[in-house]
1. Do we have any residue at all in the range 636-658 that's within 30 Å of SER549 (Cα to Cα) and either at pLDDT below 95 or part of a strand (DSSP E or B) (or both)?
2. If you check LYS394 against the conditions, is it within 16 Å of ligand 1 (Cβ to nearest atom) and either surrounded by fewer than 16 Cβ atoms within 10 Å (Cβ to Cβ) or hydroxyl-bearing (Ser, Thr, Tyr) (or both)?
3. If you go through the range 434-462, how many residues are within 16 Å of ligand 2 (Cβ to nearest atom) and under 30 Å from ALA90 (Cα atoms)?
4. Of the residues LEU470, LEU437, only one is surrounded by 13 or more Cβ atoms within 10 Å (Cβ to Cβ), in contact with a strand residue (DSSP E or B) (Cβ under 6 Å, 6 or more places away or on another chain) and under 19 Å from VAL165 (Cβ atoms); which?
5. Within the range 296-318, how many residues are touching a residue at least 40 places away in the same chain (Cβ under 8 Å), outside any helix (DSSP H, G or I) and within 30 Å of the chain's Cα centre (by Cα)?
6. If you scan the range 369-382, which residues turn out to be more than 14 Å from ligand 1 (Cβ to nearest atom) and closer than 17 Å to THR251 by Cα?
7. Kindly list the number of the only condition in (1) among the hydrophobic types (A, V, I, L, M, F, W, C); (2) closer than 26 Å to ALA401 by Cβ; (3) at pLDDT below 95 that fails for PHE234.
8. If the requirement is being surrounded by 17 or more Cβ atoms within 10 Å (Cβ to Cβ), farther than 30 Å from GLY643 by Cα and over 24 Å from the mean Cα position of the chain (by Cα), which of these qualifies: ALA89, ALA98?
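The values are calculated or read from the model by the stated rules, or taken from the named source; none is laboratory data. Since this is a predicted model, take the numbers as computed values, not measurements. Note that we place each Cβ from the backbone using ideal geometry, even for glycine, and neighbour counts take in every protein chain shown.
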Amino acid sequence: MQEKYHPQEIEQDAQQYWENTAAFNATELPNKPKYYCLSMFPYPSGKLHMGHVRNYTIGDVLSRFHRMRGYNVLQPMGWDAFGLPAENAAMQHGLPPAKWTYDNIAYMRKQLKSLGFSIDWTREIATCDPHYYRWNQWFFLRMLEHGIAYKKTQVVNWDPIDQTVLANEQVIDGRGWRTGAPIEKREIPGYYLAITRYADELLDALDTLPGWPDRVRTMQANWIGKSHGVDITFPVSEQTEFHQDLKVFTTRADTLMGVTYLAIAVEHPLALQAAKNNPSLTEFLEECKQGTTTEAELATQAKKGMDTGYTALHPITGESIPIWVANYVLMGYGEGAVMAVPAHDERDFEFATQYKLPIKIVIRPQNENELPPLNQAFIDYGITINSGEFSGLKSQAAIDAIAAHLELKQLGKKRTRYRLRDWGISRQRYWGCPIPLIHCDRCGTVPVPDDQLPVLLPENLVPDGSGNPLAKSSEFSICSCPSCGQSARRESDTMDTFVDSSWYFIRYACADQNTCMSDSRTSYWLPVDQYIGGIEHAILHLLYARFWSKVMRDLGLVYFNEPFTNLLTQGMVLNEIFFRKSTTGRINYFNPTEIDIEIDAQGKRTKMILRTDNLPVESGGIGTMSKSKNNGVDPQELVDSYGADTARLFMMFASPPTQTLEWSETGVEGAYRFLRRLWRQVYLHLQHPQKAENLLLISRIGHQPSKRFEVNCIKPLPKSPMIWGVDILSTPLSHPLWN
Ligand code: ANZ
Ligand code: ZN
């Protein structure tokens, strides 16, 4: 053993040794307990960022720990390789997205290897590989056969920059999740997966997941949004040309006697009918088309509306009630119409105040001494008042009584609804998995026969920003109809990339399987014992993956109910933000590595300057490492100057895995000095074994009182004693394992 700590040499040596001995290749060993440790696979954007390093370090520590405790560990890795950034990069450089993607994968794989993660690389998956996406296509066809995949035309969120449809989940504050562009509404045909059929199971099974953070379970439950209510029919007055009654969905039938107007969505058929001979209404509906179909957005935007001039009859009193179009009513939820009760609903209150519509109080607080507020809606349950024969009831009793009454008159029915919508998977994009369908003039839409799968995505096209190059490629598009043989056209839409990530963790179990989607090895490895990734995937990815797994189960392909037994959402990596504001108000961000900071004896900052021009900069505080704030630190530089172990050690020690981690150069140096000292201790120990010292390091890195993590190091390798990172044990030091 050498005297000095030279991480680069040591690490290279160790990594080579692991590679030569296939140390981390996992095989199915029926007599050993298995531990499937999965970190969310990266998008191959070009190079690793600190978030990846943290994610994969946590996963690796858990993998090593379980390996040491006798588990048969699988820790795989792959690439979420389809998606828009590749197309955009391709446009910028005039290169096919395939080349950009594969180059990035090669570079990032090298980076991951240099970090010394104990990954089984034989199971590597790239979702853009036909061996993988072939099974997306195959399974899509099975879902089509079972009616789980189906086609419909719907108002969708259109991202004008990426020129594609986005799922509601992909619209954040009215903007595209990737481009940040304001989203427009468009009507477009596409394929949908019936995730709503699984709504109840997806919701109920959250209770079977104690290993998930409560926060994530709550987010999923809210997303599914089950609510119990009543569908109520308001007969439309005779003089209107609309010959259908207006149906609404309400969770508060107890407030029925307080309805003062009805509000319908901008796209509601009644609104369109009313607009036919009402130019200002037509104009208003047009105006509302800008914006999104998402609920969060509709709830927060300024309320706008217009009277249709139509009226409907109150189902109990027979009173005539005006029908308004309102931008806060969602076409895609309930019936696309609401009975507005301004006295007891915040949005209705705001709207009624704005348009001077009457407000009628019909619920009072349970506690008689409590007064309902005058300048806002009283939204709690209470006791009905001013409600005729239904007065004096508790809210729940009133709901039941009113529902029963309406049911007798055939004007109402209790109903359970979900906020969850079916998952639209069609994207008008090139760099994705082709939807395996063929359009024939004679036979209609024909599935590609299984023996013709995969429908290969051409890898040589270069998008130019004007729509989908697949649609323009005759080589791709023109084909013959599998059913009649006549010339036909291939579907040019590709699948949402969330499809790719919905089952990659299943494929890892049998990545080399070329005759079927999943084989018996999935029964050995799945479900995943520990999943680790960012909280940003708490809804979309995790819900889709759960849904997809359940469909695979129902079609007899896997045998578990839930794919991820335990979930850890790691905290963000933060760093200080430095900037200057130019005279025009433009903000320029500088990377923290370019800044020199002077500190006085009291530890106070006296100076912050940009090294290149010696002029002062301002601090914008601490924020998530991001490109936009230019406050990222390149993990590669860190590894190059200190070695992977320093990076890993710092990651694990600076903060508990689920908490944010503040970047600190001095922290990194501290980790490095520690490893140097440790190395020296081992060296001395080997020189003078009689002076044996216990080289245990103890540190708490977990916060849950039930799980005290403690740390043990030193894992000698045969060739030379090596210090390999840290292995984190969830057993306290008093555990017999240590004796
Ligand atoms: C009358 C009422 C009175 C309501 C009251 C609430 C409070 P959840 O629980 O989320 O399902 N609603 C129904 N359909 C809607 C749509 N398409 N767009 C916007 N809002 C809609 O909410 C159900 C409630 O949301 C319903 O109950 C309805 O307003 C509104 F004091 O009806 B309520
Ligand atoms: Zn045909």
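1. Looking only at the range 636-658, we keep the residues that are within 30 Å of SER549 (Cα to Cα), and these are 657-658.
Checking the rest, the ones that are also either at pLDDT below 95 or part of a strand (DSSP E or B) (or both) come to 657-658.
Scanning the range 636-658 turns up at least one residue that is within 30 Å of SER549 (Cα to Cα) and either at pLDDT below 95 or part of a strand (DSSP E or B) (or both).
2. Values: within 16 Å of ligand 1 (Cβ to nearest atom): yes; either surrounded by fewer than 16 Cβ atoms within 10 Å (Cβ to Cβ) or hydroxyl-bearing (Ser, Thr, Tyr) (or both): yes.
In short, yes.
3. First pass over the range 434-462, keeping only residues within 16 Å of ligand 2 (Cβ to nearest atom): 436-449, 452.
When the remaining residues are screened for being under 30 Å from ALA90 (Cα atoms), the result is 436-439, 448, 452.
Going through the range 434-462 one residue at a time, the tally reaches 6.
4. Values: LEU470 fails: in contact with a strand residue (DSSP E or B) (Cβ under 6 Å, 6 or more places away or on another chain).
Within the list LEU470, LEU437, the selection yields LEU437.
5. Here the count works out to 2.
6. Let us first name the residues in the range 369-382 that are more than 14 Å from ligand 1 (Cβ to nearest atom), namely 369-371, 374-375.
Correct list: empty.
7. Here PHE234 clears every test but (3).
8. Values: ALA89 fails: over 24 Å from the mean Cα position of the chain (by Cα).
Being surrounded by 17 or more Cβ atoms within 10 Å (Cβ to Cβ), farther than 30 Å from GLY643 by Cα and over 24 Å from the mean Cα position of the chain (by Cα) holds for just one of ALA89, ALA98, which is ALA98.
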